[in-house]
Amino acid sequence: MKSSLRVFAALAPLLLAACAPQQLVRNKGDAAALAQQDAREQQLASANHWVLQGKLGVSNGQDAGSGGFTWTQDGDHYEFVFRTPITGKSYRLTGNPDGAELDGAEGGPQRGPDAESLMRRALHWEVPLDELRAWVLGLRAQGMQADLSFGDDRLPSVLQQDGWTVSYPAWDMTHQPPLPAKVFAEKPPYKVRLAIESWSLQ
């Protein structure tokens, strides 16, 4: 499957350049910022039905890939479709707490106990989909120590959790509460970058 990543490598700079990190304000947060985040997390605690679309870039330090994606979350069931812009090749990852299935990989559909281990084995991608389910909403994943920094808008700027550093360079203020427009997660040598173009939160 490394050959697939090499195909994507020529496309990756397009997304990674477009998503180049900006200088982020990193304030530890006063009582007002922490209270606002607590309120956001309470409002979004039950948010588990959505469709979001955008661009995804992934890198394992040697190979990289980028393309468009659609993420549909329906309770504990999810569907994540990734499409490359030039070859038209697509991957479809579906799953629930009982396991995950990946269509589009070489050798036909593949199955695994969870999305993370399946993508690691089939695509050599390190994508913490379980934590991303919280991070993509600008929330701290439950059950793990987290360190938050805030921007001048009192929205999360940098979140450090489970060995990952998650940056939020842009927010979609048309939603209440606001939702991330860009989510960059990094755990050297791995990088996952989402540029979200549309949110449909049910």
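Every number in this text was worked out from the coordinates using simple rules, so none of it is lab data. Given the structure is predicted, the values throughout are model-derived calculations rather than measurements. Cβ atoms come from the backbone with ideal geometry, glycine included; neighbour counts cover every protein chain shown.
Of the residues Pro128, His49, Val192, the one whose Cα sits farthest toward the positive end of the charge dipole of the chain, with +1 on the Cβ of Lys and Arg and -1 on the Cβ of Asp and Glu, is Val192.
By the combined test of axial Cα extent (at least 24 Å) and Kyte-Doolittle hydropathy (mean at least 1.0), none of the DSSP H helices of the chain qualifies. Working note: 222 nm ellipticity from helices only, DSSP H runs with n ≥ 4, each -39,500 (n - 2.57), summed and divided by the residues of the chain, gives -6500 deg cm²/dmol to the nearest 500. Treating r as the C-beta distance of Arg121 and Asp76 and R0 as 30 Å, the FRET efficiency rounds to 0.85.
You can think of it this way: the chain between Gln42 and Met144 has 35.0 nm of extra reach, that is 0.36 nm per residue less the Cα-Cα gap. As an exercise, use a Förster radius of 22 Å and the Cβ-Cβ distance of Gln176 and Ser198 to find the FRET efficiency, rounded to the nearest 0.05. The formula returns an efficiency of 0.85 here. Summing charges over all other residues whose Cβ lies under 12 Å from the Cβ of Arg83, with Lys and Arg as +1 and Asp and Glu as -1, gives +3. Taking Lys and Arg as +1 and Asp and Glu as -1, the other residues whose beta-carbon sits under 9 Å from that of Trp171 total -1.
Other residues with beta-carbon under 9 Å from the beta-carbon of Thr94 carry, at +1 per Lys or Arg and -1 per Asp or Glu, a net charge of -2. I'd like the distance between the alpha-carbon centres of segment 55-91 and segment 117-146, rounded to an integer number of Å. Cα centres, segment 55-91 to segment 117-146: 14 Å. Based on C-alpha pairs under 8 angstrom that are at least 6 apart in sequence, the chain has a relative contact order of 24 percent.
Shown for the chain: lysine pairs separated by 8 or more places, or found on different chains, whose C-alpha atoms are under 25 Å apart, numbering 14.
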